[in-house]
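The values are calculated or read from the model by the stated rules, or taken from the named source; none is laboratory data. As the structure is a prediction and not an experimental result, all values here were calculated from the model. Methodologically, a virtual Cβ is constructed for each residue, glycine included, from the backbone with ideal geometry; neighbour enumeration extends over all protein chains shown. SASA here: full protein model, heavy atoms, side chains in, ligands and nucleic acids out. Shrake-Rupley method; radii C 1.70, N 1.55, O 1.52, S 1.80 Å.
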Amino acid sequence: MTGRLKSLEWKNNVLYLLDQRKLPQKQEYLACTDYKEAAQAIRTLAVRGAPAIGITAAYAMVLAVLAFTARGLSGESLRHAFYAAGEVLEQARPTAVNLSWAVREMEKTFDSAEDDKRCETLTRRAMAMEEEDKQLCHSMAVHGADLFSGKKNLTILTHCNTGTLATAGTGTALGVIRELFRRGQLSAVYADETRPVLQGARLTASELRKEGIPSILICDDMAALVMKTKKIDAIIVGADRIAANGDTANKIGTYGLAILAAYHHIPLYVAAPFSTFDFSIPSGEHIVIEERTPDEIRYMGNTQIAPADMPVFNPAFDITPHTLISGIITERGVISHPDKDSVANYERSISHG
């Protein structure tokens with residue numbers, strides 16, 4: 001695999017995942033031939049980013065049905081095993097709704113496919129999801145950049161990683177930033193390091209440097225001072241789940257940025273596609289927040305930085321209330337000042353084509 005970094009690739013019934021745990025030091029791909037290997041890759045952050053996780057799950061379910069049919073399963077036994085594989089994948093990262101959305105899509109495809117064409121039909125659906133994500137990234141980038149029409153020398157702050165490593169395309173929030181750079185409107189990007197796993201330092205910084213986008217890396221706790229002194233024009237972040245009222249779950253630290261942005265009168269935008277919305281929950285209070293291993297905080301890489309028995313609280317995400325979000329950038333446009341009515345209108349626009 002050569003050329004631009006890609007989060008994943010499907011080739012000859014093997015799912016190749018760029019092992020993001022090893023970036024930026026090493027560029028290595030995991031070859032997954034079993035859905036449980038893909039689930040483990042999701043669980044351990046070898047692949048991450050809500051859209052990329054969803055696409056990974058779709059291909060993993062193809063791997064599952066290939067394995068089950070090779071074992072001679074058919075009929076209800078095959079369906080039961082297939083749905084059980086979906087449950088394993090869903091539990092790998094419970095907060096990212098793209099994961100459960102992809103599993104549901106593959107289950108619907110399984111149930112509607114002809115028995116002798118099931119593997120082929122599922123593969124086509126997974127490949128279509130990947131292509132759809134590329135198109136969605138492009139549409140979000142255009143709509144997001146259009147928010148800044150006529151403005152020059154923009155300075156944007158972003159958090160976590162929302163680029164090619166988190167999606168199949170150019171990214172969600174980072175896709176917008178890329179488009180602003182392409183249009184000649186961008187002066188600089190400030191990238192939070194994003195503790196504790198450092199997705200901003202390891203991944204976003206790597207993407208920005210690789211493409212020559214002017215950027216500065218900062219520690220998370222420098223964001224307030226940067227907002228005060230560096231004339232930040234906007235904060236653009238991604239999302240892992242968006243409730244029906246616009247409350248948004250994103251990487252831990254986003255809520256703090258939103259509060260700081262409100263104090264400094266800086267707009268905060270969330271970039272996310274339809275698959276990131278969970279219309280079944282009325283607000284962010286209903287979003288289950290994943291808690292991860294304490295060693296992500298006790299260690300920096302392989303170096304212990306805290307007592308081994310120190311109690312740790314390590315939520316992977318936090319919830320930003322919709323009242324602190326200036327707009328949600330989607331593939332259909334921007335939901336300005338999101339609330340339950342504007343999000344419901346967006347759902348209807350998608351449902352009615």
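Taking 25 °C and 0.890 mPa s as the conditions, I'd like the Stokes-Einstein D for the range 76-216 in µm²/s, using the Kirkwood hydrodynamic radius from alpha carbon pairs.
143
Does the range 199-283 come out rounded, prolate or oblate by the C-alpha gyration tensor, with a ≥ b ≥ c the root eigenvalues, rounded set by a/c under 1.5 and, if not, prolate when a/b is larger than b/c and oblate if not?
Note, shape of the range 199-283 comes out oblate.
Given charges of +1 on the Cβ of Lys and Arg and -1 on the Cβ of Asp and Glu, with all other atoms neutral, how large is the dipole of the chain about its Cα centre, in debye to the nearest 20?
Rounded to the nearest 20 debye, it is 1140 debye.
Between 268, 165, 225, where does the largest GNM mean-square fluctuation fall for the chain, given springs only between Cα atoms within less than 10 Å?
The residue with the greatest mean-square fluctuation here is 225.
Hey, which of these cross-link pairs are over 24 Å Cα-Cα: 6/36; 11/134; 108/340?
Going by Cα-Cα distance, 108/340 fall outside the 24 Å limit.
For the range 55-179, what relative contact order do you get, as a whole percent, if you take Cα pairs closer than 8 Å and at least 6 residues apart?
24
By what distance, in whole Å, do the Cα atoms of the range 145-206 stretch along each of the three principal axes, largest value first?
Answer, in whole Å and largest first: 37, 23, 17 Å.
For the chain, with a Gaussian network of springs between Cα atoms less than 10 Å apart, report the residue from 299, 59, 83 with the top mean-square fluctuation.
Judging by the Gaussian network model, the answer is 299.
Within the accessible area of the chain, what % is carbon and sulfur when the probe is 1.4 Å and the other protein chains stay in place?
With neighbouring chains kept in place, the figure for the chain is 52 percent.
Residue-wise, which Karplus ³J(HN,Hα) couplings in Hz belong to the range 10-15, taking 6.51 cos²θ - 1.76 cosθ + 1.60, θ = phi - 60°, and x for glycine or proline?
Values per residue, Gly and Pro as x: 9, 8, 6, 6, 10, 9 Hz.
Counting pairs of Cα atoms in the chain, how many percent are more than 37 Å apart?
16
Using Cα pairs under 8 angstrom and six or more residues apart, how large is the relative contact order of the chain, in percent?
The value is 15 percent.
At 10 °C and a viscosity of 1.306 mPa s, what translational diffusion coefficient does Stokes-Einstein give for the range 1-88, taking Rh as the Kirkwood radius over Cα pairs? Give it in µm²/s as a whole number.
Answer, rounded: 118 µm²/s.
Kirkwood-based Rg over Rh for the range 184-228 (C-alpha set), two decimals?
Here the Rg-to-Rh quotient is 0.99.
Per residue of the range 268-285, in order, report the coupling 6.51 cos²θ - 1.76 cosθ + 1.60 (Karplus, θ = phi - 60°) as ³J(HN,Hα) in whole Hz, putting x for Gly and Pro.
In residue order, the calculated couplings are 10, 10, 10, 10, 7, x, 3, 5, 8, 7, 10, 6, 7, 10, x, 7, x, 4 Hz.
What is the pair-distance distribution P(r) of the range 18-148, computed from all Cα-Cα distances in 10 Å bins starting at 0, with each bin given as a whole percent?
Over the range 18-148, the share of Cα pairs per 10 Å bin runs 13, 40, 31, 13, 3, 0 percent.
Taking the convex hull of the alpha carbon atoms in the range 105-159, what volume per residue do you get, in Å³?
Looking at the range 105-159, the number lands at 100 Å³ per residue.
Dividing the alpha-carbon radius of gyration of the range 207-353 by 2.2 N^0.38 Å (N being the number of residues), what value is obtained?
Normalised Rg, Cα atoms only: 1.18.
Treating only the Cα positions of the range 253-322 as identical point scatterers, give the base-10 log of I(q)/I(0) from the Debye formula at each q in 0.12, 0.13, 0.28 Å⁻¹.
After summing over all Cα pairs, the log10 values are -0.51, -0.59, -1.23.
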